[in-house]
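Colleague: Before I ask anything, let me first share the structure, which is written out below as structure tokens.
The values are calculated or read from the model by the stated rules, or taken from the named source; none is laboratory data. As the structure is a computational prediction, the values presented were derived from the model and not from experiment. Positions of Cβ are backbone-derived with ideal geometry, glycine not excepted, and every protein chain shown enters the neighbour counts.
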Amino acid sequence: MSDEEMTRDGAADGPAPRTSAAHPPERNGLSGRQRLLAGLWPPRVTRAQLVVALLLFGLGLGLAIQVRSTNDDSALRGARQEDLVRILDEVDDRTQRLEDEKQRLDAQRTELENSSDQAEEARKQTLEKERQLGILAGTVAAHGPGITLTIDDPTKSVAPDMLLDAIQELRAAGAEAIEVNGVRVVASTYFSGDAGAVKVDGHAVAAPYAFEVIGRPQDLEPALNIPGGVVQTLEKEQATAVVERADDIVVDALRPAKQPDYARSSS
């Protein structure tokens, strides 16, 4: 083939394609961006990555629940510092009362063990225990330091359960004898009726409701005045509650001794 023919053949075939680093040839008809997206989606997740993700999700959910529970509204939320200090003192006082009771019982046991006449000592302790149980059962009168709680209900909005809450708070604070409008409060006492028509153990009582309570005044009064406690709850119902300390409270309303129908002593 002559040089002229070779030149014609080259011209017929056209110039050879040119490539550069700025414009690389496409592969399989996909651009670089399309290949990048194809490599990222759909994601390829291994089993280990899935397990770690589930564990992290569970941990985050648990922390969220804990934070929400911690931030829930409570009766003490927003309380003043002096109120919190008073509540702490009340808890300390209850602990001290329990410790004193333990020491008293230990002393009684020691006296009984060391007494020369154990029978006489046992009789004395039995009589003392009978007197104490009589006070708790409401069969004997009692007197001692304590408080009075007077609840006035001009709008007749104080319900029986509110008075029951007051009794429970007083018992938790160490009340030893309680009388409400001439009715002795014992373990079986119940409140019924409606607001403005309250009954205590079936006896109708009317406002003002007068509580006579024997116990340590330093424990009883703060128990009623804690933030969100009995006094504040009654005030929300447009009632007034006045708590006063006294050196000698008389609780002389009595309950008849009731013989149990089924229970018998096991000793």
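Colleague: Among the residues of the range 182-200, is any among the aromatic types (Phe, Trp, Tyr) and closer than 30 Å to Gln96 by Cβ?
Modeller: Filtering the range 182-200 down to residues among the aromatic types (Phe, Trp, Tyr) leaves 190-191.
Next, from what is left, pick out any that are closer than 30 Å to Gln96 by Cβ: none.
Checked against the condition, which is being among the aromatic types (Phe, Trp, Tyr) and closer than 30 Å to Gln96 by Cβ, the range 182-200 yields no hits at all.
Colleague: Looking for whichever is more than 18 Å from Ile151 (Cβ to Cβ) and either without any contact (Cβ under 8 Å) to a residue 12 or more places away in the chain or in a strand (DSSP E or B) (or both) here; the options are Gln259, Gln218. Which one fits?
Modeller: None of the others qualify; the one that does is Gln259.
Colleague: If I ask for residues that are among the acidic types (Asp, Glu) and either crowded, with 16+ Cβ neighbours inside 10 Å or within 31 Å of the chain's Cα centre (by Cα) (or both), which ones from the range 130-164 would you list? Spell out how you get there, then give the answer.
Modeller: Residues of the range 130-164 among the acidic types (Asp, Glu): 130, 152-153, 161.
Within the range 130-164, Asp152, Asp153, Asp161 qualify.
Colleague: Restricting to the range 162-183, give me the number of residues that are more than 18 Å from Thr150 (Cβ to Cβ) and not small (Gly, Ala, Ser).
Modeller: Taking the range 162-183 and keeping what is more than 18 Å from Thr150 (Cβ to Cβ), we get 168, 171-172, 174, 176.
Still in the running and not small (Gly, Ala, Ser): 168, 171, 176.
Number of matching residues: 3.
Colleague: Restrict the check to the range 142-159 and report whether at least one residue is modelled with pLDDT under 80 and either touching a Cys at 6+ places or on another chain (Cβ under 7 Å) or of a type in the set (Gly, Ala, Ser) (or both). First the steps, then the outcome.
Modeller: The first filter runs over the range 142-159 and keeps only residues modelled with pLDDT under 80, leaving none.
No.
Colleague: Separate question: Condition check: under 28 Å from Arg97 (Cβ atoms) and exposed (fewer than 14 other Cβ atoms within 10 Å of the Cβ). Does Asp261 satisfy that? Full working, then the answer.
Modeller: Details: under 28 Å from Arg97 (Cβ atoms): no; exposed (fewer than 14 other Cβ atoms within 10 Å of the Cβ): yes.
So Asp261 fails the test.
Colleague: From the list Ala137, Ala175, which residue is among the aliphatic types (A, V, I, L, M) and in contact with a Gly (Cβ under 8 Å, 6 or more places away or on another chain)? Lay out the reasoning, then the answer.
Modeller: Working: Ala137 fails: in contact with a Gly (Cβ under 8 Å, 6 or more places away or on another chain).
None of the other options fit; the residue is Ala175.
Colleague: Still on this structure: Scan the range 201-230 residue by residue and report those that are out of contact with any Ser or Thr (no Cβ under 8 Å at 6 or more places or on another chain), hydrophobic (A, V, I, L, M, F, W, C) and over 22 Å from Arg97 (Cβ atoms).
Modeller: Answer for the range 201-230, where residues must be out of contact with any Ser or Thr (no Cβ under 8 Å at 6 or more places or on another chain), hydrophobic (A, V, I, L, M, F, W, C) and over 22 Å from Arg97 (Cβ atoms): Ala204, Val205, Ala206, Ala207.
Colleague: Of the numbered conditions (1) crowded, with 16+ Cβ neighbours inside 10 Å; (2) in contact (Cβ under 8 Å) with a residue 24 or more places away in the chain; (3) within 24 Å of the chain's Cα centre (by Cα); (4) closer than 22 Å to Pro222 by Cβ, Arg171 fails exactly one; give the number of that condition.
Modeller: Status for Arg171: all satisfied but (2).
Colleague: Just give me the residues in the range 153-192 being among the β-branched types (Val, Ile, Thr) and farther than 15 Å from Ala241 by Cα, in sequence order.
Modeller: Restricting attention to the range 153-192, the residues satisfying the condition of being among the β-branched types (Val, Ile, Thr) are 155, 158, 167, 178, 180, 183, 185-186, 189.
Ile178, Val183, Val185, Val186, Thr189, listed by residue number.
Colleague: Can you tell me which residues in the range 226-249 are outside any strand (DSSP E or B) and in contact (Cβ under 8 Å) with a residue 60 or more places away in the chain? Steps first, answer last, please.
Modeller: Initially, the range 226-249 is screened for residues outside any strand (DSSP E or B), giving 226-239.
Passing the criteria: Ile226, Pro227, Gly228, Gly229, Val230, Thr233, Leu234, Glu237, Gln238, Ala239.
Colleague: Quick check on this structure: which one of Ile178, Ile151, Ile147, Ile167 is assigned to a helix (DSSP H, G or I) and touching a strand residue (DSSP E or B) at 6+ places or on another chain (Cβ under 8 Å)?
Modeller: Sole residue among the options that is assigned to a helix (DSSP H, G or I) and touching a strand residue (DSSP E or B) at 6+ places or on another chain (Cβ under 8 Å): Ile167.
Colleague: Okay, moving on. Any idea which of Val213, Val230 is at pLDDT 95 or above and crowded, with 16+ Cβ neighbours inside 10 Å? Walk me through how you get there before you give the answer.
Modeller: Values: Val230 fails: at pLDDT 95 or above.
On inspection, the qualifying residue turns out to be Val213.
Colleague: Among the residues that make up the range 111-133, is at least one of them modelled with pLDDT of 65 or more, more than 30 Å from Val231 (Cα to Cα) and outside any helix (DSSP H, G or I)?
Modeller: Within the range 111-133, one or more residues are modelled with pLDDT of 65 or more, more than 30 Å from Val231 (Cα to Cα) and outside any helix (DSSP H, G or I).
Colleague: Out of Ser188, Ser192, report the one residue that is at negative phi and either surrounded by 15 or more Cβ atoms within 10 Å (Cβ to Cβ) or part of a strand (DSSP E or B) (or both).
Modeller: On the way: Ser188 fails: either surrounded by 15 or more Cβ atoms within 10 Å (Cβ to Cβ) or part of a strand (DSSP E or B) (or both).
Exactly one residue qualifies, and that residue is Ser192.
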